[in-house]
There are 2 protein chains.
Amino acid sequence: MSKTTIYDIASELNITPSTVSRALSNHPRISARTKKAVREVATRLNYRQNSIAAALRSGKTNMLGIVVPTTDRSFFSSVIRSIEQVATASEYNVMITQSNDQEKMERSNIEALLRAQVDGVIASISRETSDYSHFRKLTDNGIPLVLFDRVADLNHTSIVRIDDYRGAYEATAHLIAQGCSRIAHFAGQQKLDIYQQRFRGYKDALQDHRIAFDEALLHYSNVKIEDGRAGMNTLLRLKSPPDAVFAASDYAAIGAMQVLKEKGKRIPEDVALIGFMNETFTSFVDPGLTTVDQLSKKMGEIAASTFLEQVECPDEFVSKKIILSPKLIVRGSSLKADSSSMESNS
Amino acid sequence: MSKTTIYDIASELNITPSTVSRALSNHPRISARTKKAVREVATRLNYRQNSIAAALRSGKTNMLGIVVPTTDRSFFSSVIRSIEQVATASEYNVMITQSNDQEKMERSNIEALLRAQVDGVIASISRETSDYSHFRKLTDNGIPLVLFDRVADLNHTSIVRIDDYRGAYEATAHLIAQGCSRIAHFAGQQKLDIYQQRFRGYKDALQDHRIAFDEALLHYSNVKIEDGRAGMNTLLRLKSPPDAVFAASDYAAIGAMQVLKEKGKRIPEDVALIGFMNETFTSFVDPGLTTVDQLSKKMGEIAASTFLEQVECPDEFVSKKIILSPKLIVRGSSLKADSSSMESNS
DNA sequence: ATTTGATGCGCAATCGATTGCATTATTGTG
DNA sequence: CACAATAATGCAATCGATTGCGCATCAAAT
């Protein structure tokens, strides 16, 4: 029992394949009667469109490629989920690939998507990437490209991200409001724009509150758990250690939390802690980790609909740059005045 | 500048497209000289195979579909990563979809993969699924299907999973060895085989060590955090509460851990705790959560290579059922005799 | 010198749907 | 009733690569 094609339907009804094709795609020039008949035979014969043939002829695959560093962060998987929702609502299928934060894999992922002839790509750039030629290959071939969160300023590309500066500023200001004055910062690699912004937000918040910036309280790293541990250990050895740490990533913050607990420090009384990303686990460590939520859901929706707009009218391209305002999620790790328990999840 | 095709290469060299096609696919009947020439022109003209056309003609898309409940558990994303590795090594691209543990989405995912005409599917069944007809649709169409972890006994299907029974048995035995005697169990939905097995393993371990099974210490749920919290709260209200909990999922275990901390209980002295899955966060909560590792990497490798074997010889199908032995990862939440620190990661 | 076999390549059909243009059916209008 | 206008369908090329079969060439073997 080989697959049924439009030819089978056509011969069954004594009409031509063209008519069947048009009937199935709801062409206005086909009579309602024929359409009905075709649809009936189609279901009866269990017809399923050969999207490959359609893609070959029409040049559209109805596939949307996604490239993310990894899927096992709730941020990324949540973005993906919401992209999927919007995309499938418009008959697009989604092809997900992971770069594992390696430029080489990112490259081969893009190659794969190019081979698969996706109609567009939504990506968040790998931590390692310094050469963007593979992304250009997409736009050069007229494939819409939307970057989110980890973005770069490329031609013919749209962007959606959060205001990292503001997120960092608010986090730092919150710590200050809690009475902290020696606030350390675990900064990410400054070649990534998001980490630069977070650093700036931190610095400006200090300045605006007349707190001197202290170089000794600053630690650059990959902001993974180990880095947070190392950073915290270093900080605790200072003659005047910090009374708060704002980490550019939840992972670094968790590393710091581990060390603090091991050393018998109280959180937030001795050292308050804030992360960034709102990873799932931040809500169930003890104490809950205050963090900055990145609006993954909205980000995915916007990225997907931006893509859709761009495929709709490929002729008139408009590069969108959308910046969302992040949301501070206050939990136990930073809340000293425990009178008001203002935990708030979205 | 439209895409270059084999026709362009052919006319450049005054040969036919067939020869070009054969040269590029390294056909033995093409001379080394022609192959070289073709390859050179191909790179010069920046030729990229139109895989859609190839797929249409050959009936092979070189795409492998994946269906998982969610990608944001480290178990699943790790399995995916290792599937990707094996698959791409054999020139296969991977298309990932998430069911969000909903039967309906699982169905539409399979439909999408069917439309995309993937050459095979590797899946882990959704928690909700009770009707497997969509999976049958695959095998009916001759598409190899490999199930992992959350499996079902379908025709013409291969399976790779861990020995959940043994994992549970060892976890329980470990608790007993640590001196626990009132061991509670948070069981998952018994319609899922893995949770049945884990329950059996728990029960048998008790029996083998002459500990009476106490119905009051058993809690069925979806083994999410809330369930763990609820279960632990109930247990603590018993007149003789448990001195250990073995949860069928890390999430339920974390919920229990939260409640224990809130009530001022010491872990593991008052209540020891073991989870299942070896989620990333289990290693950085405090104390570290003892858990059962599911060998995600190996599972992915086996699933992928099983798929590869089946596409190689579609004629002679052999249904493989592979069962791996899980590994108990002992951490602070269950280690009472803190003399030997036997943390072991893979 | 002829046969045999291997080697290298071309011809043309094919995969299944799409689509511009041509053609036929249908309806309405004067 | 004729003729235009419109609606509905058919024709045939096309997307780009693959592949079975056939033909030619050439070296080795008889």
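Here B:THR139 fulfils each of the conditions (1) within 12 Å of another protein chain (Cβ to nearest Cβ); (2) touching a His at 6+ places or on another chain (Cβ under 7 Å) apart from (1).
Residue-level check: of (1) more than 12 Å from every other protein chain (Cβ to nearest Cβ); (2) in a loop (DSSP other than H, G, I, E, B); (3) crowded, with 18+ Cβ neighbours inside 10 Å, A:LYS239 misses just (3). Every listed requirement among (1) more than 11 Å from chain A (Cβ to nearest Cβ); (2) outside any loop (DSSP other than H, G, I, E, B) is met by B:VAL79 save one, (1). In the set B:SER108, B:SER77, B:SER99, only one residue is of a type in the set (Gly, Ala, Ser) and in contact (Cβ under 8 Å) with a residue 12 or more places away in the chain; that residue is B:SER99. Given the criteria away from DNA strand C (no atom under 12 Å from the Cβ), at pLDDT 95 or above and surrounded by fewer than 19 Cβ atoms within 10 Å (Cβ to Cβ), does B:LEU114 qualify? No; evaluated as a whole, the condition is false for this residue. Scanning the range B:20-47 for residues that are at negative phi, polar (S, T, N, Q) and more than 8 Å from DNA strand D (Cβ to nearest atom) yields B:SER31, B:THR34, B:THR43. Let me spell it out: the conditions are (1) part of a loop (DSSP other than H, G, I, E, B); (2) among the hydrophobic types (A, V, I, L, M, F, W, C); (3) within 28 Å of the chain's Cα centre (by Cα), and B:PHE246 meets all of them except one. Which number is the exception? The single condition B:PHE246 does not satisfy is (1). The set of residues in the range B:33-48 being out of contact with any Leu (no Cβ under 9 Å at 6 or more places or on another chain) and open to solvent by 80 Å² or more (accessible area, probe 1.4 Å) consists of B:ARG33, B:LYS36, B:GLU40, B:THR43, B:ARG44, B:ASN46. Considering only residues that are buried (at least 18 other Cβ atoms within 10 Å of the Cβ), over 14 Å from the mean Cα position of the chain (by Cα) and not aliphatic (A, V, I, L, M), which ones fall in the range B:135-157? Result: B:PHE135, B:PRO144, B:THR157.
Can you spot a residue in the range B:49-70 that is more than 11 Å from chain A (Cβ to nearest Cβ), part of a helix (DSSP H, G or I) and buried (at least 23 other Cβ atoms within 10 Å of the Cβ)? The answer is no; no qualifying residue exists. Every condition in (1) without any contact (Cβ under 8 Å) to a residue 40 or more places away in the chain; (2) within 16 Å of DNA strand C (Cβ to nearest atom) is met by B:THR88 except one, and the failing one is (2).
Each residue in the range B:254-271 was checked for being part of a loop (DSSP other than H, G, I, E, B) and under 33 Å from the mean Cα position of the chain (by Cα), and 3 pass.
Taking the criterion of being near DNA strand C (Cβ under 7 Å from one of its atoms), within 14 Å of chain B (Cβ to nearest Cβ) and outside any helix (DSSP H, G or I), the residues of the range A:1-46 that qualify are A:SER2, A:LYS3, A:THR5.
Of the helices (runs of 4 or more DSSP H) lying entirely inside the range B:107-219, those containing at least 1 residues that are over 30 Å from A:ILE96 (Cα atoms) and assigned by TED's automatic domain parsing to the domain that holds B:GLY255 span B:164-177, B:193-208. Residues considered: A:GLU269, A:GLU312. Of these, the only one that is of a type outside the set (Gly, Ala, Ser) and free of Cβ contacts under 8 Å to residues at least 24 places away in the same chain is A:GLU312.
The values are calculated or read from the model by the stated rules, or taken from the named source; none is laboratory data. Please read all numbers here as calculations on a predicted model, not as lab measurements. FYI the Cβ positions are ideal-geometry reconstructions off the backbone, even for glycines, and counts take in every protein chain you see. Heavy atoms of the whole protein, side chains included, go into the accessibility calculation; ligands, DNA and RNA do not. Shrake-Rupley method; radii C 1.70, N 1.55, O 1.52, S 1.80 Å.
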